[in-house]
Amino acid sequence: MAVELIKTGVPGLDHVLKGGLRKNSTLLITGSPGTGKTLLALQFIYYGAKDYNENGIFISTEESLEVLNQSARNLGMDLTSMVDKGKIFFIQKPIATLKGGIFSIKGLLDAIKKNNIKRVALDSLIFFEYLYPRFNGNKMEFRRQVLIFMQQMKKAGTTFLAVSERSVTDFDRLTYDMMDFVFEGFIVLSRIRKGSYFERVLTVAKIRGQDHSLDVYPIAIGNDGLKILFDQTPFSLVEKEEGFK
Ligand SMILES: Nc1ncnc2c1ncn2[C@@H]1O[C@H](COP(=O)(O)OP(=O)(O)OP(=O)(O)O)[C@@H](O)[C@H]1O
Ligand SMILES: [Mg+2]
């Protein structure tokens, strides 16, 4: 059976992924602060619902719905109307109030079924540390619990995108976390400095069972949202041309 690809909702990214993201797969977006992880996850959910008729759930431990609404509006997304139409659902679990047991996976699975949810985004993986606090000392068991959660998302028929933080995102010295191996796809966002400028960039580290580009691409964030400039090389990586007189 041919692999079904879905559009990510992030202009340029589907091109980098050579068509899109495998439907019903799991993807991890990692990167340092301010690189665009939350925006990317938000666009995945928003445009998934608006343009591709795939209802979504956004689970946020990071930002309140008000803050998300505001930044979405500045980037051309009308989240509120999609929420009002019942196409997007927010689950807000601020870390400050998160405790083991409060969140019910069964409740989430019921909501997925009831509302015909096809996309789930989780910002960020820190969520699991609070969901399974008793496993924090036991990395193997913690990883197993995350894997079980992901399998439930897959079984429920959703495409699952999660965000994680990483302090060092120097592409040449990327340190891997054991969670990276649990996901089928793994995308890294970073900032690269050249002279006195920083530039945001993206690279796809892996997508199991799928061909994708291995290049590093610039990211642009503007009034129309976040997009990947798939036909450009990051200026920070362009070697200075010499020899022209
Ligand atoms: N309207 C806009 N125009 C240009 N840039 C914007 C706009 N709105 C947000 N940004 C940029 O997007 C960045 C925020 O991206 P985002 O919140 O997705 O990052 P993040 O990787 O999730 O960060 P964190 O790790 O702190 O959660 C900000 O640093 C800001 O510079
Ligand atoms: Mg964020």
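Total residues in region 128-150 satisfying the condition of being surrounded by 12 or more Cβ atoms within 10 Å (Cβ to Cβ), free of Cβ contacts under 8 Å to residues at least 24 places away in the same chain and not in a helix (DSSP H, G or I): the figure is 2. Only residues that are open to solvent by 50 Å² or more (accessible area, probe 1.4 Å) and at pLDDT 85 or above were counted in region 164-189, giving 1. Of the residues making up region 89-114, not one is at pLDDT 65 or above, within 14 Å of E63 (Cβ to Cβ) and small (G, A, S). Listed by first and then second residue, the pairs linking a residue in region 151-163 that is modelled with pLDDT of 95 or more and β-branched (V, I, T) to a residue that is open to solvent by less than 60 Å² (accessible area, probe 1.4 Å) and within 16 Å of ligand 2 (Cβ to nearest atom), with Cβ atoms under 6 Å apart and 6 or more places separating them unless they lie on different chains, are V163/I29; V163/K37; V163/A41; V163/D123; V163/S124. So, of the residues in region 31-80 that are in contact with a strand residue (DSSP E or B) (Cβ under 7 Å, 6 or more places away or on another chain) and among the acidic types (D, E), which turns out to be nearest to E4 (Cα to Cα)? Within region 31-80, the match that is nearest to E4 (Cα to Cα) is E54.
Looking at region 1-97, the helices (runs of 4 or more DSSP H) lying wholly inside it that each contain 1 or more residues that are out of contact with any Gly (no Cβ under 8 Å at 6 or more places or on another chain) and within 10 Å of ligand 1 (Cβ to nearest atom) sit at 37-52, 65-74. A Cβ distance below 6 Å, combined with a sequence gap of six or more or placement on separate chains, defines the contacts here; from region 35-55, residues that are over 16 Å from K227 (Cα atoms) reach residues that are in a helix (DSSP H, G or I) in the pairs A49/M82; E54/G48; N55/A49.
Residues in region 1-37 that are β-branched (V, I, T) and open to solvent by less than 30 Å² (accessible area, probe 1.4 Å): I6, T8, V10, V16, T26, I29, T30, T35. Among the numbered criteria (1) farther than 28 Å from D177 by Cβ; (2) surrounded by fewer than 20 Cβ atoms within 10 Å (Cβ to Cβ); (3) at pLDDT 95 or above, which single criterion is violated by E66? That leaves (3) as the condition not met. Taking region 141-169 as the range and being more than 17 Å from the chain's Cα centre (by Cα) and within 26 Å of R193 (Cα to Cα) as the test, only V168 passes.
The values are calculated or read from the model by the stated rules, or taken from the named source; none is laboratory data. None of these values were measured; they are calculated from a predicted model. Don't worry about glycine lacking a Cβ; one is built from the backbone with ideal geometry, like all the others, and counts go over all protein chains shown. Just the protein is used for accessible areas: all its heavy atoms, side chains included, with ligands, DNA and RNA removed. Shrake-Rupley method; radii C 1.70, N 1.55, O 1.52, S 1.80 Å.
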